[in-house]
Amino acid sequence: MAKPDDLEAVRTVAAALSGFSPEEQERILRWAREKLGLAPAARNLADMRTQQPHSPAAPPRHAEPAVAPHGPASVKDLKTFVTGKNPKSDVQFAATVAYFYRFEAPPEQKRNEIDSGILQDSCRLVGRSRFRHPSMTLNNAKNLGLLDRGSEAGKFAINTVGENLVAMTLPGKSDSSAKGRKSQKPKRRSKKTAGKKK
């Protein structure tokens, strides 16, 4: 059996990703690495930096910024991000908050996990009513497959399903126009029936 051509594999991956934006390409590559059981790209970069003084073949420093999927241009405040995603339910809001703090928050605010305290504070920051039982909301999001349990009790981390919901699905399309069209149908029928009676 012939050995697979690694350059052909690179061309195949590049062609498959060509229709996506750079941010989407980084996210797809990160999911692919998780699917294949490979170490995260950020950790590989850290290992590469530690080896750089001893290895003459290490790549030049100007190539490093391309590894980071979320640059300064994507940094937003929580309220702007949540407003743009417009989550329709409590569990969607929890997933949106977890996504923001992991990927979109300023560097000094980033965190891999959230808890009920962070969720309640997020409600305050975006002007949303606080939850009566925030821990229940987080557990519901976990049961729906949007979050995973974190490193300790009460902490939760967004998973690939939750990432896909926030990054690709939200905000959902408004059906207000469809409701408006449905509400007009009975009026048209009533006019027709009224004409027949005359």
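Remarks
- Percent carbon-and-sulfur accessible area, the range 72-123, ignoring ligands, DNA and RNA, probe 1.4 Å: 48 percent
- Those residues of the range 75-96 whose amide nitrogen sits under 17 Å from the label point placed on residue 124, 7 Å along Cα→Cβ: 78-79
- Other-chain or far-sequence residues with amide H under 5 Å of residue 158's (modelled H): 148
- Sparsely packed trypsin sites (Lys or Arg not before Pro) within the range 109-144, loop by DSSP, other Cβ within 10 Å at most 10: 132
- Centroid-to-centroid, using Cα positions, the range 2-37 and the range 130-149 are 33 Å apart.
- Spacing of the two label points (7 Å from each Cα toward its C-beta) at residue 34 and residue 109, in nm: 2.3 nm
- Each of residue 6 and residue 76 was given a label point 7 Å from its Cα along the Cα-to-Cβ line. The distance between the two points is 3.9 nm.
- Per-peptide packing, taken as the mean over residues of other Cβ atoms within 10 Å, places 134-141, 148-155, 78-85, 12-19 in the sequence 134-141, 78-85, 148-155, 12-19 from highest down.
- All Cα-Cα separations within the range 82-124 were binned at 10 Å from zero, giving a P(r) of 29, 61, 10, each value a whole percent of the pairs.
- For residue 110, the aspartates and glutamates whose Cα comes closer than 16 Å to its Cα, not counting residues fewer than 8 places off in the same chain, are 77, 121, 163.
- Sorting 21, 122 by solvent-accessible area of protein heavy atoms yields 21, 122, largest first, with a 1.4 Å probe.
The values are calculated or read from the model by the stated rules, or taken from the named source; none is laboratory data. No experiment lies behind these values; they were computed from the predicted model shown. Note: ideal-geometry Cβ built from the backbone for every residue, glycine included; neighbour counts use all protein chains shown. With ligands, DNA and RNA removed, areas are computed over all heavy atoms of the protein, side chains included. Shrake-Rupley method; radii C 1.70, N 1.55, O 1.52, S 1.80 Å.
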